[in-house]
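A short write-up of the structure that comes next.
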Amino acid sequence: MSRRKWAIAGPAIVLILLAANRVRAQTPQQEERPEQIVITATQRTAPAVDVPASISVLNADRLAGAHVESVKQLTSLTPTIGVVNSIGESFGQVITVRGIATSGADIGLESAVGITLDGVPLSRPNLAIFDLQGIDRVEFLRGPQGTLFGMNTTAGIINVLTRRPQFEPHFEVSGTLGNREQKELRVSAEGGIVPTKLAARIDALYSTIDGYLRNPNTGIVYGRRHRDQVRGQLLFVPSDVIDVRIIADYLHHGGTVNSPVYRVVGPTGALIDSLGGFPLLAFNHATDIAQIDNDAPRFELNDSAGAMAEANWQSAIGKFTALTSYRSSTTRRSYDVDNSPADIANDPRDGERFNTTVFELRLQGVADRVDYLFGAHLGRDLISSRDSYTVGTDFEPYVIALSGGAIPAFTGLPPGSNYPAGSGVLDIFSQRSTNFALFTHQIFAVTDRLSLSAGLRYTQEKKTLAAQIASNNPGCANAVAIHGSSLASVPYGLRGLICIPNLDPRYDGNYATKREEGNWSGTAAAAERFFESWNAYVSYSRGYKGGGFQLDRSGMSPLSPSLSQLAFSHETADSFEGGIKGAGANDRWRTSTAAFYTRFSNYQFSYFTGYNRRTKNVPELATKGVETENAYRPFGPLELSFSGIYQEVVFGDSGFPAGLTQLQGTTAPIAPRWVLVGAASYEQVLGGWGVTAFGNIDIRWQSKSNVGASATPSSAFAQDPYAVVGARIGIETIARNWKVELWARNLFNRRAWSLLNATTLQPGSVSGFVSEPRTWGATLTAAW
């Protein structure tokens, strides 16, 4: 067993052995509890039906029923969320809510969808790659959540909450075997160390699965991943009014990065064929065929660790909550830039390091009819990003062929010495961000049935950016020496080939800049319980997402480069929502329907040009529509659920910057108009056998959509309607001490394009990433 596996398994074994001495022979009993959940929107304990917001609460049983084990798999349970992975799991992750997305490929761009782990925000969605092992529930709120959660949540928030340690001993071990050589081991243990005073919990995971993107040219299969994860907790309860919870976790994630698949092969295809030695294959429908060369390693590695402490003190004036956290994450990757069999270019040393520190203090209490909350927040982020770009042996003949053989005449260098293999760039960006906020949220009980709520937050943020930009490009350097920085005597069409922005030495140098801003966010809502089981609400929310810098040299001017040219402004969102919620006795039925309209001003739009990624503000993007979530239990063992959203996500019709005017009035990418999700679950006690049989099936269908990452709408970026089905069957003892289940995700192996864009350095070609194939397996769980 490797040291890493011992690091995970060792603490779990020790805790099990120590706590096993405290186990008392007993028959487990299930406890019925009313639905009381801590809602992120209000930081208070309240029934979901009373919260004036559109929210989905996915508890551990529901996650297990759909075999959901990661944030990106939440799409099978709720129609209002979408998750797309591009280059790898730890880079390029895009999360959409109500059709609003923020690219994960620009590290300087915060996501409009916030993700928190036990109330602590993650710096970027690319860090939300952990397994949902030991999770109590996931709360998913739509619309701006900037009042209590903070800036950069203009579209919504996903709050992942882990299970608190319990004093009653409990142990659970599960193992999974599946297709693609999937192997998984999970261990959970908890129990009291000092009766009623100190409890502990540990959750550990080892998981590995083979890839699915086969390369017919090399025989290599891409898309493999492995994951080691451990989380330990201590709960200290010194008195009835004080509790302290400490959590520490570690994650190691690795694998072979995804490989794009050609959908359209453009005019450069024949040239690529001759250089790479293999014909390019294009497929209109998503297919698992990779064609990248094998001249550089293809991998991604992420190591992430964090610690947090939360203390609660119930005083005479209310409950004080103090939360502090530190998290560090390092990512390294290497991948093929051009995605072709030719050795044109690769990124061998890409990666990022994130360091995040958070401190928050809240006071929440009740005085007569007022439920008040006041708080302060301090956060600090450090991002270090490496952007490498190395040319291969086929780069020079390829670029010279594209120029019609003209490049050597303008560089003064003979063929073979303009762009030698191994030349390229290594850019290092370091961004520091400090934000401070004061916030308040009040709920006024006007009557026993009518309540009004209002909240306000002011955030002040400062960002500083330093960059070291270095290039090794003899061809461009010689052309600049001969023709001057503007390349005035070089034909315009050749300038971009001789000095490709990603390799242009005119950017070289050390730079520094900073920006500082402050802004308001807030909310107001009215809710009325007009029947005992029905509640209606209307609300207004304003969200704010801070401005920042694109961490990529391509946004600068080659003639007078400055980091300030990489800046983009803050984004705001004004959201109006009205809804109705209901719940029947004994939770026999639940329903929630909302109509919404959100207008984003100065929307931060990120797109791919075919050479590099750019981020610019556009005047307006609006999303409007209706969503519904419903569940019904016609009789005890059977539960049916149906959810859906109709959304229109459209760019504004005027005022767009040059180069983006073609977007005006068009539908935003990755925003299907219809998304429907349905599920059925069944449980039946087989008393004579002493077991419970269970089964469930879920289906997600979405309408035709544009999945392009380009700024130019095209029919080549269209994805037809498709549905994905998951299923699970099994048996479990009535005492719940063992369980066997068979499960499948994407049961019918429906493949779809998750993201498409112009292929790098290949005008006219289109390639993209495909959704994951069918996975299936068997899981055995034992608990005592």
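The values are calculated or read from the model by the stated rules, or taken from the named source; none is laboratory data. Note that the structure is a prediction, hence the values are computed from the model and not measured. Cβ placement follows ideal geometry from the backbone for every residue including glycine, while neighbour counts extend to all protein chains displayed. Just the protein is used for accessible areas: all its heavy atoms, side chains included, with ligands, DNA and RNA removed. Shrake-Rupley method; radii C 1.70, N 1.55, O 1.52, S 1.80 Å.
Data for the structure
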item: For a label point 7 Å along the Cα-to-beta-carbon line of L780, residues of region 145-186 with backbone N under 12 Å; result: 174-177
item: Relative counts (whole %) of C-alpha pair distances in region 639-733, using bins that are 10 Å wide; result: 14, 29, 21, 15, 11, 6, 3, 0
item: Filter on K72/K624; K72/K183; K72/K197 - keep pairs with C-alpha separation over 30 Å; result: K72/K197
item: Zone of H226's modelled label, taken as backbone nitrogen in region 183-204 under 16 Å from a point 7 Å along Cα→Cβ; result: 183-186
item: For the chain, convex hull volume per residue from C-alpha positions, Å³; result: 151 Å³
item: FRET E, pair D136, K514, Förster distance 56 Å, beta-carbon r, rounded to 0.05; result: 0.90
item: Efficiency of FRET from Cβ geometry, A723 and F531, R₀ 35 Å, rounded to 0.05; result: 0.45
item: Cβ charges +1 (Lys, Arg) and -1 (Asp, Glu), total dipole of region 169-250, debye; result: 360 debye
item: Pair A409, A470: separation of 7 Å Cα→Cβ label points (nm); result: 3.6 nm
item: Pairwise label distance in nanometres, A421 with S239, each label 7 Å out on the Cα-Cβ vector; result: 7.3 nm
item: Tilt relative to the chain, helix 474-483 - C-alpha long axis, 0 to 90 degrees, to 10; result: 60 degrees
item: Where only C-alpha atoms are counted, convex hull volume of region 512-668 per residue in Å³; result: 172 Å³
item: When the convex hull of its Cα atoms is projected in every direction, mean area for region 165-319 (nm²); result: 14.6 nm²
item: q = 0.15, 0.18, 0.27 Å⁻¹: log10 I(q)/I(0) that the Debye formula gives for region 700-776, counting C-alpha atoms only; result: -0.65, -0.79, -1.17
item: Accessible surface of the chain [probe 1.4 Å, protein heavy atoms]: carbon and sulfur percent; result: 59 percent
item: For region 615-691, Kirkwood radius (reciprocal of mean inverse C-alpha pair distance, Å); result: 16.2 Å
item: Computed over region 625-784: relative contact order in percent, which uses C-alpha pairs under 8 Å that are six or more apart; result: 16 percent
item: Dipole magnitude of region 732-784 about its Cα centre (Cβ charges: Lys, Arg +1; Asp, Glu -1), debye to nearest 20; result: 80 debye
item: Cα gyration tensor, region 227-316 - rounded (a/c under 1.5), prolate or oblate; result: prolate
item: Cα-based Kirkwood hydrodynamic radius, region 377-460, one decimal, Å; result: 18.7 Å
item: Dipole of region 427-492, positive end: most advanced residue of I428, T464, S485 [Cβ charges, Cα centre]; result: T464
item: Accessible heavy-atom area order of L456, L109, highest first, probe of 1.4 Å; result: L456, L109
item: Whole-number accessible area per residue in Å² for region 647-784, which is evaluated in the context of all protein chains at 1.4 Å; result: 43 Å²
item: Inter-centroid distance (Cα atoms) of region 216-246 relative to region 267-309, Å; result: 29 Å
item: Net lengthening on full extension, E168/T447 (0.36 nm per residue, minus Cα-Cα); result: 96.4 nm
item: Region 474-494 versus region 387-428: alpha-carbon centroid distance in Å; result: 14 Å
item: Relative contact order [Cα under 8 Å, 6+ residues apart], region 448-528, whole percent; result: 61 percent
item: R0 of 25 Å, Cβ-Cβ distance A60-L198: FRET efficiency to nearest 0.05; result: 0.55
item: Rough spin-label spacing in nm, given labels placed 7 Å along Cα→Cβ, for L686 and Q182; result: 2.4 nm
item: Relative contact order (%) - criterion: Cα under 8 Å, at least six apart; region: the chain; result: 12 percent
item: Extension gain, T733 back to A309 (0.36 nm per residue minus Cα-Cα distance, nm); result: 149.0 nm
item: Added length on full extension, which subtracts the Cα-Cα distance from 0.36 nm per residue, V626 to F320; result: 106.4 nm
item: Dipole magnitude of the chain, debye to nearest 20 (Cβ charges: Lys/Arg +1, Asp/Glu -1, about Cα centre); result: 520 debye
item: Region 101-121-region 538-581 distance, computed between alpha-carbon centres (Å); result: 12 Å
